[in-house]
Amino acid sequence: MSKIESPFSHTLIHHFLEESASLYPDKDALIHEDTRATYGEINSQANQLAKWFISHGIKDGNRIVILLPNSLEYVVSYYGILKAGCVSVSLSTELKTSGLMALLKEIEPKVIISSSRFEKLLQSLELQNFKLAALALKSPALAWDSTQFTIINWDDFFDSDAEANPNIDIPETSLASIVYTSGSTSVPKGVMLSHKNIVSNTHSICHYLQLREDDIQMVVLPFYYVMGKSLLNTHFAVGGTVVCNNKFAFPASVLNQMVEEKVTGFSGVPSTYAYLLHRSPLAKYRDKLEHLRYCSQAGGHMSRTIKMELRNVLPTHTRIYIMYGATEASARLSYLEPGKYADKIDSIGRAIPGVTLRIMGKNGEELPAGSVGELVASGPNIMAGYWRD
């Protein structure tokens, strides 16, 4: 296991935002449609949100659900929740009534943060049964007269005064986030990740991707997904810029924005790259993507055919990182160095800094090279467990 010589002083997840806001207060941190929000603006809003939580007794590990697409509201919610010492629980925006009902029963949230897009869904849930303290909505459009909890308009959290960073003692081992697995092989499980889990993994990823403050990441993956959340944290950790585009069904618009914003990084899962190769004009943009420093892939095995096509279509200067991980690992466990892309094209690479990977036999013994066994990972990024499981 290699040690990480980290230049960062972060011990808690929201320190990513706070340090970058101190160093680059006027720099664009988030770009989404017509919104361009600076680090200073995001940190100020997150502080005001945290102050509201604390002043209403919502703190000390209370779970707060975020039901929002990638947006400024999501980012402010995520870091504001953590600043208050609460637990962020981001849920899929694709959930239907029964699935959302089951998860809310398990989570028992104190607050739900959402928007008018999900109001009908939320009203179908009989939220009065969940002992909520508040429901915060961006641009509410429906009547909520008969509720036993506070309904607050998102914009009412904020005023023109910038708030100082909350001075709360939060141990790095505290639960920070519950991230639900996809449930592809069973019922979705709530992975419990501490501040230390996520911070250690973030530092490691920043190290091997050589991320810098001038990096600009195009994000098409949802933040409720562990890889999407990792893209947010890693780039806020180095003071980079995150460009959110929620219209990947129209990939030409994504490529256009990558050119316009001089994007340096793009990340996806195998289906993302298959879609780009076969249903987008990616090949025609090859000479236009002059700033694209790297692409990274995780989220399952990507076929050799897709990998070879991708290498042929992307600019020659664009480095491709094949990565392997799991929600239970806060995101990443291994990566294949771009220089070995052709020679080791079917490999998941080597352990990321700070992680140990071993191949174990049936009796728990470590097996020699060339053996078939179970892949066992250890490191500070490995989850605390499954929520109530």
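Hey, any hits in the stretch 197-217 for a residue that's hydrophobic (A, V, I, L, M, F, W, C), farther than 28 Å from Lys27 by Cβ and in contact (Cβ under 8 Å) with a residue 40 or more places away in the chain? No, because not a single residue in the stretch 197-217 is hydrophobic (A, V, I, L, M, F, W, C), farther than 28 Å from Lys27 by Cβ and in contact (Cβ under 8 Å) with a residue 40 or more places away in the chain. Scanning the stretch 252-294 for residues that are of a type outside the set (Ser, Thr, Tyr), in contact (Cβ under 8 Å) with a residue 40 or more places away in the chain and in a helix (DSSP H, G or I) yields a single hit, Met258. So, Gly299, is that one modelled with pLDDT under 95 and within 22 Å of the chain's Cα centre (by Cα) or not? Answer is yes for this residue.
Checked against (1) under 19 Å from Gly349 (Cβ atoms); (2) of a type in the set (Lys, Arg); (3) within 24 Å of the chain's Cα centre (by Cα), Arg304 meets all criteria but (3). Inspection of the stretch 305-321 identifies no residue that is modelled with pLDDT under 95 and farther than 21 Å from Gln217 by Cα. When you check Glu108 against the structure, is it within 22 Å of Gly80 (Cβ to Cβ), open to solvent by 70 Å² or more (accessible area, probe 1.4 Å) and modelled with pLDDT of 95 or more, yes or no? Yes; evaluated as a whole, the condition is true for this residue. Take Leu221 and decide whether it is surrounded by 24 or more Cβ atoms within 10 Å (Cβ to Cβ), of a type outside the set (Phe, Trp, Tyr) and either in contact with a strand residue (DSSP E or B) (Cβ under 9 Å, 6 or more places away or on another chain) or farther than 19 Å from Gly268 by Cα (or both). Here the answer is no, as Leu221 does not meet what is asked. Considering only residues in the stretch 162-201 that are assigned to a loop (DSSP other than H, G, I, E, B), at pLDDT 95 or above and β-branched (Val, Ile, Thr), the one that is nearest to the chain's Cα centre (by Cα) turns out to be Thr173. Of all residues in the stretch 224-250, those that are over 14 Å from Tyr74 (Cα atoms) have Cβ atoms under 7 Å from Cβ atoms of residues that are aromatic (Phe, Trp, Tyr) and surrounded by fewer than 24 Cβ atoms within 10 Å (Cβ to Cβ), 6 or more apart or on another chain, in Ala237/Phe8; Gly239/Tyr24.
Answer yes if at least one residue in the stretch 39-50 is part of a strand (DSSP E or B) and either open to solvent by 10 Å² or more (accessible area, probe 1.4 Å) or at pLDDT 95 or above (or both), and no otherwise. Within the stretch 39-50, none of the residues are part of a strand (DSSP E or B) and either open to solvent by 10 Å² or more (accessible area, probe 1.4 Å) or at pLDDT 95 or above (or both). Annotation: Pro222 fulfils all but one of (1) within 28 Å of Glu328 (Cα to Cα); (2) part of a helix (DSSP H, G or I); the unmet one is (2).
Only one entry of Arg332, Arg311, Arg358 meets the criterion of being open to solvent by 50 Å² or more (accessible area, probe 1.4 Å) and either assigned to a strand (DSSP E or B) or among the aromatic types (Phe, Trp, Tyr) (or both), and that entry is Arg358. Scanning the stretch 366-380 for residues that are more than 23 Å from the chain's Cα centre (by Cα) and surrounded by 12 or more Cβ atoms within 10 Å (Cβ to Cβ) yields Leu367, Gly373, Leu375, Val376. Total residues in the stretch 268-288 satisfying the condition of being closer than 21 Å to His301 by Cβ and among the polar types (S, T, N, Q): the figure is 2.
Residues checked against (1) of a type in the set (A, V, I, L, M); (2) under 20 Å from Val242 (Cβ atoms):
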site: Glu41; (1), (2): no, yes
site: Asn47; (1), (2): no, yes
site: Ala50; (1), (2): yes, no
site: Gly57; (1), (2): no, no
site: Asp60; (1), (2): no, no
site: Arg63; (1), (2): no, no
site: Met101; (1), (2): yes, no
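Tell me whether the stretch 118-129 contains one or more residues that are over 21 Å from Gly61 (Cβ atoms), surrounded by fewer than 16 Cβ atoms within 10 Å (Cβ to Cβ), without any contact (Cβ under 8 Å) to a residue 12 or more places away in the chain and polar (S, T, N, Q). Yes; the residues of the stretch 118-129 include at least one that is over 21 Å from Gly61 (Cβ atoms), surrounded by fewer than 16 Cβ atoms within 10 Å (Cβ to Cβ), without any contact (Cβ under 8 Å) to a residue 12 or more places away in the chain and polar (S, T, N, Q).
So that you can scan it fast, the table gives a plain yes or no per residue for (1) touching a strand residue (DSSP E or B) at 6+ places or on another chain (Cβ under 8 Å); (2) closer than 30 Å to Leu12 by Cβ; (3) open to solvent by 20 Å² or more (accessible area, probe 1.4 Å); (4) acidic (Asp, Glu):
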| site | (1), (2), (3), (4) |
| --- | --- |
| Asp287 | no, no, yes, yes |
| Arg304 | no, no, yes, no |
| Ala326 | yes, yes, yes, no |
| Tyr341 | yes, no, no, no |
| Arg350 | yes, yes, yes, no |
| Ile382 | no, yes, yes, no |
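On the given criteria, is Val259 of a type outside the set (Phe, Trp, Tyr), open to solvent by 10 Å² or more (accessible area, probe 1.4 Å), farther than 24 Å from Lys340 by Cα and in contact with a Lys or Arg (Cβ under 8 Å, 6 or more places away or on another chain)? Against the criterion (of a type outside the set (Phe, Trp, Tyr), open to solvent by 10 Å² or more (accessible area, probe 1.4 Å), farther than 24 Å from Lys340 by Cα and in contact with a Lys or Arg (Cβ under 8 Å, 6 or more places away or on another chain)), Val259 qualifies.
When Ile198, Ile170 are checked against the criterion of being of a type in the set (Val, Ile, Thr), farther than 22 Å from Gln297 by Cα and buried (at least 19 other Cβ atoms within 10 Å of the Cβ), Ile170 stands alone in meeting it.
The values are calculated or read from the model by the stated rules, or taken from the named source; none is laboratory data. If you're wondering where the values come from, they're calculated on a predicted model, not measured in any experiment. Counting neighbours? That spans all protein chains shown, and the Cβs are built from the backbone with ideal geometry, glycine included. With ligands, DNA and RNA removed, areas are computed over all heavy atoms of the protein, side chains included. Shrake-Rupley method; radii C 1.70, N 1.55, O 1.52, S 1.80 Å.
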